[in-house]
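Have a look at the structure below before the remarks.
The values are calculated or read from the model by the stated rules, or taken from the named source; none is laboratory data. Keep in mind that what you see is a predicted model, and the values were worked out from it rather than measured. Here the Cβ positions follow ideal geometry from the backbone for every residue, glycine too, while neighbour counts run over all protein chains shown.
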Amino acid sequence: MKQYIVDAFTKEVFGGNPAAVCVSDKELPEKLMLDIAKENNLSETAFAVKTENGYNLRWFTPECEVDLCGHATLGTSFVIMNYYEPDADEVSFDTLSGKLTVVRKGDLYEITFPAYELRKVPVTPEMADAIGAVPKEAYMGRDLLCVFEDSEIIRSIDPDSAKVKALDGLILHVTAPGNDVDCVSRSFAPKLAIKEDPVCGSGHCHIVPYWAERLGKSEISAYQASPRGGYLYCRMNGENVIIAGNAVLYSEADIKI
(Lines give C-alpha, C1' and ligand atoms only; values in the text may rest on other atoms or scores of the structure.)
Protein backbone atom coordinates (compact mmCIF):
# COMPACT_ATOMS: atom_id res chain seq x y z
CA MET A 1 0.00 0.00 0.00
CA LYS A 2 1.28 3.43 -0.92
CA GLN A 3 1.90 5.99 1.80
CA TYR A 4 2.83 9.62 1.32
CA ILE A 5 3.92 12.16 3.93
CA VAL A 6 2.77 15.65 3.06
CA ASP A 7 3.58 18.89 4.86
CA ALA A 8 0.30 20.84 4.88
CA PHE A 9 -0.29 24.60 5.19
CA THR A 10 3.21 25.39 3.98
CA LYS A 11 5.16 25.84 0.75
CA GLU A 12 8.34 24.33 2.17
CA VAL A 13 9.30 20.92 3.49
CA PHE A 14 9.82 20.85 7.27
CA GLY A 15 7.16 23.54 7.75
CA GLY A 16 3.44 23.30 8.32
CA ASN A 17 1.89 20.11 9.67
CA PRO A 18 3.03 16.68 8.43
CA ALA A 19 0.35 14.11 7.69
CA ALA A 20 0.69 10.55 6.47
CA VAL A 21 -1.67 9.68 3.63
CA CYS A 22 -2.46 6.04 2.81
CA VAL A 23 -4.35 5.29 -0.40
CA SER A 24 -5.91 1.83 -0.55
CA ASP A 25 -8.20 -0.01 -2.96
CA LYS A 26 -10.19 -1.47 -0.05
CA GLU A 27 -11.27 -0.66 3.47
CA LEU A 28 -8.71 -1.67 6.07
CA PRO A 29 -9.45 -3.14 9.51
CA GLU A 30 -9.70 -0.44 12.15
CA LYS A 31 -6.98 -2.01 14.30
CA LEU A 32 -4.59 -2.02 11.34
CA MET A 33 -5.24 1.68 10.66
CA LEU A 34 -4.57 2.50 14.30
CA ASP A 35 -1.40 0.39 14.28
CA ILE A 36 -0.15 2.24 11.19
CA ALA A 37 -0.92 5.58 12.83
CA LYS A 38 0.99 4.51 15.94
CA GLU A 39 3.93 3.39 13.80
CA ASN A 40 3.98 6.72 11.94
CA ASN A 41 3.70 8.63 15.23
CA LEU A 42 2.48 11.76 13.43
CA SER A 43 -0.46 13.82 14.64
CA GLU A 44 -2.63 12.30 11.90
CA THR A 45 -2.60 9.44 9.42
CA ALA A 46 -5.32 9.58 6.76
CA PHE A 47 -6.78 6.56 4.96
CA ALA A 48 -8.49 7.14 1.60
CA VAL A 49 -10.44 4.51 -0.34
CA LYS A 50 -11.82 5.19 -3.82
CA THR A 51 -15.63 4.95 -4.24
CA GLU A 52 -18.02 5.61 -7.11
CA ASN A 53 -18.59 9.22 -5.99
CA GLY A 54 -15.20 10.15 -4.59
CA TYR A 55 -13.35 8.72 -1.61
CA ASN A 56 -14.05 7.47 1.87
CA LEU A 57 -11.67 9.22 4.26
CA ARG A 58 -10.79 8.41 7.86
CA TRP A 59 -8.26 10.02 10.20
CA PHE A 60 -6.30 8.42 13.05
CA THR A 61 -3.99 9.88 15.67
CA PRO A 62 -1.57 7.52 17.43
CA GLU A 63 -4.27 7.23 20.09
CA CYS A 64 -7.63 6.99 18.30
CA GLU A 65 -9.83 7.86 15.33
CA VAL A 66 -11.02 11.48 15.13
CA ASP A 67 -14.10 12.99 13.50
CA LEU A 68 -12.41 15.87 11.67
CA CYS A 69 -8.89 16.78 10.59
CA GLY A 70 -7.96 19.68 8.34
CA HIS A 71 -4.28 19.21 7.53
CA ALA A 72 -4.65 15.50 6.72
CA THR A 73 -7.60 16.31 4.44
CA LEU A 74 -5.47 18.90 2.67
CA GLY A 75 -2.62 16.39 2.42
CA THR A 76 -4.91 13.69 1.03
CA SER A 77 -6.30 16.11 -1.56
CA PHE A 78 -2.77 17.06 -2.59
CA VAL A 79 -1.87 13.38 -3.08
CA ILE A 80 -5.00 12.49 -5.03
CA MET A 81 -4.93 15.53 -7.33
CA ASN A 82 -1.22 15.18 -8.05
CA TYR A 83 -0.60 11.42 -8.15
CA TYR A 84 -3.95 9.70 -8.78
CA GLU A 85 -6.22 12.16 -10.61
CA PRO A 86 -3.89 14.88 -11.94
CA ASP A 87 -6.57 16.31 -14.25
CA ALA A 88 -9.03 16.81 -11.39
CA ASP A 89 -9.49 20.19 -9.72
CA GLU A 90 -12.01 18.93 -7.17
CA VAL A 91 -12.34 15.87 -4.94
CA SER A 92 -15.04 14.84 -2.48
CA PHE A 93 -14.65 12.80 0.69
CA ASP A 94 -17.23 10.93 2.77
CA THR A 95 -16.15 11.31 6.41
CA LEU A 96 -17.42 11.12 9.98
CA SER A 97 -18.15 14.86 9.64
CA GLY A 98 -20.18 14.38 6.45
CA LYS A 99 -19.15 15.14 2.89
CA LEU A 100 -16.09 17.36 2.51
CA THR A 101 -15.19 18.92 -0.83
CA VAL A 102 -11.74 20.19 -1.74
CA VAL A 103 -11.13 22.48 -4.72
CA ARG A 104 -7.70 23.18 -6.21
CA LYS A 105 -7.14 26.84 -7.05
CA GLY A 106 -3.63 27.34 -8.38
CA ASP A 107 -1.28 26.05 -5.70
CA LEU A 108 -3.91 26.36 -2.96
CA TYR A 109 -6.29 23.62 -1.83
CA GLU A 110 -9.59 25.00 -0.54
CA ILE A 111 -11.62 22.87 1.87
CA THR A 112 -15.18 23.49 3.06
CA PHE A 113 -15.64 22.47 6.71
CA PRO A 114 -18.56 22.71 9.11
CA ALA A 115 -18.10 25.54 11.64
CA TYR A 116 -18.34 24.68 15.31
CA GLU A 117 -20.88 26.60 17.35
CA LEU A 118 -19.08 28.39 20.17
CA ARG A 119 -20.48 28.76 23.68
CA LYS A 120 -18.85 31.28 25.99
CA VAL A 121 -17.65 29.70 29.23
CA PRO A 122 -16.04 31.20 32.35
CA VAL A 123 -12.27 31.51 32.48
CA THR A 124 -11.22 29.23 35.33
CA PRO A 125 -8.09 29.04 37.50
CA GLU A 126 -7.54 25.57 36.03
CA MET A 127 -7.30 27.04 32.52
CA ALA A 128 -4.78 29.65 33.61
CA ASP A 129 -2.77 27.08 35.54
CA ALA A 130 -2.66 24.63 32.61
CA ILE A 131 -1.74 27.30 30.05
CA GLY A 132 0.57 29.33 32.26
CA ALA A 133 -1.24 32.58 31.42
CA VAL A 134 -4.70 34.00 32.09
CA PRO A 135 -7.03 34.13 29.05
CA LYS A 136 -9.29 37.12 28.51
CA GLU A 137 -12.14 34.89 27.29
CA ALA A 138 -12.91 31.21 26.80
CA TYR A 139 -15.30 29.38 24.47
CA MET A 140 -16.34 25.77 24.04
CA GLY A 141 -17.17 23.91 20.84
CA ARG A 142 -15.79 20.43 20.28
CA ASP A 143 -12.58 21.99 21.62
CA LEU A 144 -11.68 24.67 24.16
CA LEU A 145 -10.75 28.05 22.68
CA CYS A 146 -8.92 30.53 24.93
CA VAL A 147 -8.48 34.12 23.75
CA PHE A 148 -5.59 36.44 24.63
CA GLU A 149 -4.80 40.01 23.56
CA ASP A 150 -1.03 39.63 23.00
CA SER A 151 0.36 37.44 20.23
CA GLU A 152 3.68 37.14 22.09
CA ILE A 153 1.90 35.19 24.82
CA ILE A 154 0.72 32.74 22.17
CA ARG A 155 4.25 32.29 20.83
CA SER A 156 5.89 31.85 24.23
CA ILE A 157 3.53 29.65 26.26
CA ASP A 158 4.40 26.06 27.16
CA PRO A 159 1.25 24.46 28.60
CA ASP A 160 1.38 21.64 31.12
CA SER A 161 0.11 18.63 29.15
CA ALA A 162 -1.13 16.76 32.21
CA LYS A 163 -3.15 19.77 33.32
CA VAL A 164 -4.45 20.40 29.78
CA LYS A 165 -5.79 16.83 29.78
CA ALA A 166 -7.96 17.72 32.77
CA LEU A 167 -9.65 20.64 30.94
CA ASP A 168 -12.93 20.27 29.08
CA GLY A 169 -12.79 19.95 25.30
CA LEU A 170 -10.92 17.59 23.01
CA ILE A 171 -8.15 20.05 22.01
CA LEU A 172 -6.95 23.30 23.57
CA HIS A 173 -6.54 26.25 21.17
CA VAL A 174 -5.07 29.58 22.21
CA THR A 175 -5.41 32.62 19.98
CA ALA A 176 -4.73 36.38 19.84
CA PRO A 177 -4.81 39.20 17.28
CA GLY A 178 -1.94 39.12 14.79
CA ASN A 179 0.22 41.86 13.31
CA ASP A 180 0.57 40.93 9.63
CA VAL A 181 -2.37 38.48 9.86
CA ASP A 182 -5.78 38.69 11.49
CA CYS A 183 -5.00 36.12 14.17
CA VAL A 184 -2.31 33.82 15.50
CA SER A 185 -2.92 30.60 17.37
CA ARG A 186 -1.50 27.36 18.70
CA SER A 187 -3.17 24.00 19.36
CA PHE A 188 -2.45 21.40 22.05
CA ALA A 189 -3.95 17.91 22.06
CA PRO A 190 -2.49 15.71 24.83
CA LYS A 191 -5.79 13.80 25.00
CA LEU A 192 -4.91 12.54 21.51
CA ALA A 193 -1.27 11.81 22.44
CA ILE A 194 -0.20 15.01 20.64
CA LYS A 195 1.56 17.61 22.78
CA GLU A 196 1.20 20.29 20.09
CA ASP A 197 -0.51 20.05 16.71
CA PRO A 198 1.71 22.23 14.46
CA VAL A 199 -1.12 23.55 12.24
CA CYS A 200 -4.66 22.51 13.13
CA GLY A 201 -7.30 22.82 10.41
CA SER A 202 -10.21 21.62 12.54
CA GLY A 203 -9.11 24.05 15.24
CA HIS A 204 -9.74 26.89 12.82
CA CYS A 205 -13.34 25.74 12.61
CA HIS A 206 -13.43 27.26 16.10
CA ILE A 207 -10.89 30.06 15.66
CA VAL A 208 -12.25 31.54 12.42
CA PRO A 209 -15.90 31.90 13.57
CA TYR A 210 -14.65 33.75 16.66
CA TRP A 211 -12.46 36.21 14.76
CA ALA A 212 -14.96 36.70 11.93
CA GLU A 213 -17.57 37.84 14.45
CA ARG A 214 -15.15 39.91 16.52
CA LEU A 215 -13.57 41.66 13.52
CA GLY A 216 -16.84 41.97 11.59
CA LYS A 217 -15.49 40.42 8.38
CA SER A 218 -15.82 37.11 6.62
CA GLU A 219 -12.25 36.64 5.33
CA ILE A 220 -9.65 35.81 7.99
CA SER A 221 -5.91 35.37 7.48
CA ALA A 222 -4.42 33.11 10.12
CA TYR A 223 -0.99 31.98 11.24
CA GLN A 224 -0.35 28.99 13.49
CA ALA A 225 2.64 30.05 15.56
CA SER A 226 4.02 26.61 16.41
CA PRO A 227 7.75 25.98 15.94
CA ARG A 228 6.99 24.66 12.42
CA GLY A 229 4.47 27.40 11.59
CA GLY A 230 1.79 27.53 8.92
CA TYR A 231 -0.56 29.90 7.10
CA LEU A 232 -4.29 29.38 6.59
CA TYR A 233 -6.48 31.51 4.30
CA CYS A 234 -10.00 31.32 5.65
CA ARG A 235 -13.47 32.68 5.16
CA MET A 236 -16.89 32.18 6.66
CA ASN A 237 -19.65 31.01 4.35
CA GLY A 238 -22.87 30.65 6.31
CA GLU A 239 -22.46 27.71 8.68
CA ASN A 240 -19.25 26.61 7.00
CA VAL A 241 -15.60 27.60 7.29
CA ILE A 242 -13.63 27.53 4.05
CA ILE A 243 -9.93 26.95 4.69
CA ALA A 244 -7.25 27.10 2.00
CA GLY A 245 -3.58 26.24 2.21
CA ASN A 246 -0.52 25.03 0.36
CA ALA A 247 1.05 21.58 0.60
CA VAL A 248 4.34 19.93 -0.35
CA LEU A 249 5.41 16.29 -0.59
CA TYR A 250 8.07 15.12 1.87
CA SER A 251 8.23 11.38 1.10
CA GLU A 252 6.64 8.44 -0.68
CA ALA A 253 6.86 4.83 0.50
CA ASP A 254 5.35 1.34 0.33
CA ILE A 255 3.88 -0.15 3.50
CA LYS A 256 4.61 -3.87 3.56
CA ILE A 257 1.39 -5.36 4.93
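Just to verify a result, which residue in the range 13-36, among those that are farther than 21 Å from Tyr83 by Cβ and of a type in the set (A, V, I, L, M), is nearest to the chain's Cα centre (by Cα)?
Leu34
Among the listed residues Ser92, Ser43, which satisfies the condition of being assigned to a loop (DSSP other than H, G, I, E, B) and among the hydroxyl-bearing types (Ser, Thr, Tyr)? Show your work before the answer.
Values: Ser92 fails: assigned to a loop (DSSP other than H, G, I, E, B).
Sole residue among the options that is assigned to a loop (DSSP other than H, G, I, E, B) and among the hydroxyl-bearing types (Ser, Thr, Tyr): Ser43.
Among (1) assigned to a strand (DSSP E or B); (2) closer than 21 Å to Gly16 by Cα, there is one condition Asn179 misses while meeting the rest; what is its number?
All conditions are met except number (1).
May I ask you to say which residue of Cys200, Cys205 is closer than 25 Å to Val21 by Cβ, in the same structural domain as Ser156 (by TED's automatic domain parsing) and assigned to a helix (DSSP H, G or I)?
On the way: Cys200 fails: assigned to a helix (DSSP H, G or I).
None of the other options fit; the residue is Cys205.
When residues of the range 135-154 are filtered for being surrounded by 14 or more Cβ atoms within 10 Å (Cβ to Cβ) and either more than 18 Å from the chain's Cα centre (by Cα) or farther than 11 Å from Phe188 by Cα (or both), how many remain? Give the steps one after another, and end with the answer.
Looking only at the range 135-154, we keep the residues that are surrounded by 14 or more Cβ atoms within 10 Å (Cβ to Cβ), and these are 135, 137-148, 151, 153-154.
Those left that are additionally either more than 18 Å from the chain's Cα centre (by Cα) or farther than 11 Å from Phe188 by Cα (or both): 135, 137-142, 146-148, 151, 153-154.
The number of residues fulfilling the criteria is 13.
Can you tell which of Val199, Val184, Val164, Val248 is among the aliphatic types (A, V, I, L, M), surrounded by 17 or more Cβ atoms within 10 Å (Cβ to Cβ) and out of contact with any helix residue (DSSP H, G or I) (no Cβ under 6 Å at 6 or more places or on another chain)? Give the steps one after another, and end with the answer.
On the way: Val199 fails: out of contact with any helix residue (DSSP H, G or I) (no Cβ under 6 Å at 6 or more places or on another chain); Val184 fails: out of contact with any helix residue (DSSP H, G or I) (no Cβ under 6 Å at 6 or more places or on another chain); Val164 fails: out of contact with any helix residue (DSSP H, G or I) (no Cβ under 6 Å at 6 or more places or on another chain).
Being among the aliphatic types (A, V, I, L, M), surrounded by 17 or more Cβ atoms within 10 Å (Cβ to Cβ) and out of contact with any helix residue (DSSP H, G or I) (no Cβ under 6 Å at 6 or more places or on another chain) holds for just one of Val199, Val184, Val164, Val248, which is Val248.
Given (1) farther than 17 Å from Ser77 by Cα; (2) touching a Phe, Trp or Tyr at 6+ places or on another chain (Cβ under 7 Å); (3) surrounded by fewer than 24 Cβ atoms within 10 Å (Cβ to Cβ), where does Val49 come up short, assuming only one miss?
Of everything listed in (1) farther than 17 Å from Ser77 by Cα; (2) touching a Phe, Trp or Tyr at 6+ places or on another chain (Cβ under 7 Å); (3) surrounded by fewer than 24 Cβ atoms within 10 Å (Cβ to Cβ), Val49 misses just condition (1).
Here are some residues: Glu65, Glu85. Which one is within 18 Å of Ala37 (Cα to Cα), surrounded by fewer than 21 Cβ atoms within 10 Å (Cβ to Cβ) and charged (D, E, K, R)?
Glu65
Kindly evaluate Val6 against the criterion of being touching a residue at least 40 places away in the same chain (Cβ under 8 Å), part of a strand (DSSP E or B) and surrounded by 15 or more Cβ atoms within 10 Å (Cβ to Cβ). Explain how you work it out, then say what you get.
Working: touching a residue at least 40 places away in the same chain (Cβ under 8 Å): yes; part of a strand (DSSP E or B): yes; surrounded by 15 or more Cβ atoms within 10 Å (Cβ to Cβ): yes.
Here the answer is yes, as Val6 does meet what is asked.
For the range 214-223, check the following and say yes or no: at least one residue is in contact with a Ser or Thr (Cβ under 9 Å, 6 or more places away or on another chain) and within 15 Å of Ile154 (Cβ to Cβ).
Applying the first criterion (in contact with a Ser or Thr (Cβ under 9 Å, 6 or more places away or on another chain)) to the range 214-223 yields 222-223.
Those left that are additionally within 15 Å of Ile154 (Cβ to Cβ): 222-223.
Scanning the range 214-223, I find at least one residue that is in contact with a Ser or Thr (Cβ under 9 Å, 6 or more places away or on another chain) and within 15 Å of Ile154 (Cβ to Cβ), so the answer is yes.
List pairs: first residue in the range 159-182 and within 12 Å of Met127 (Cα to Cα), second residue in a loop (DSSP other than H, G, I, E, B) and basic (Lys, Arg) anywhere in the structure, Cβ distance under 9 angstrom, at least six positions apart or on different chains.
Pairs found: Gly169/Arg142.
Report yes if some residue within the range 209-222 is over 16 Å from Ser151 (Cα atoms), among the polar types (S, T, N, Q) and modelled with pLDDT under 95; otherwise report no.
no
Being part of a strand (DSSP E or B), surrounded by fewer than 16 Cβ atoms within 10 Å (Cβ to Cβ) and at pLDDT 95 or above is the filter here, so list the residues in the range 106-134 that pass it.
Once the filter is applied, which keeps residues that are part of a strand (DSSP E or B), surrounded by fewer than 16 Cβ atoms within 10 Å (Cβ to Cβ) and at pLDDT 95 or above, the range 106-134 yields Leu108, Arg119, Lys120.
So which residues in the range 220-257 are farther than 27 Å from Leu118 by Cβ and assigned to a strand (DSSP E or B), if there are any at all?
Of everything in the range 220-257, those that are farther than 27 Å from Leu118 by Cβ and assigned to a strand (DSSP E or B) turn out to be Ala247, Val248, Leu249, Tyr250, Ser251, Glu252, Ala253, Asp254.
Give me a count of the residues in the range 12-33 that are closer than 30 Å to Ala225 by Cβ, out of contact with any helix residue (DSSP H, G or I) (no Cβ under 6 Å at 6 or more places or on another chain) and either surrounded by 14 or more Cβ atoms within 10 Å (Cβ to Cβ) or of a type in the set (S, T, N, Q) (or both).
Taking the range 12-33 as the starting set, the residues that turn out to be closer than 30 Å to Ala225 by Cβ are 12-22.
Filter again for out of contact with any helix residue (DSSP H, G or I) (no Cβ under 6 Å at 6 or more places or on another chain), leaving 12-16, 18, 22.
With either surrounded by 14 or more Cβ atoms within 10 Å (Cβ to Cβ) or of a type in the set (S, T, N, Q) (or both) added as a condition, the list becomes 13, 15-16, 18, 22.
Qualifying residue count for the region: 5.
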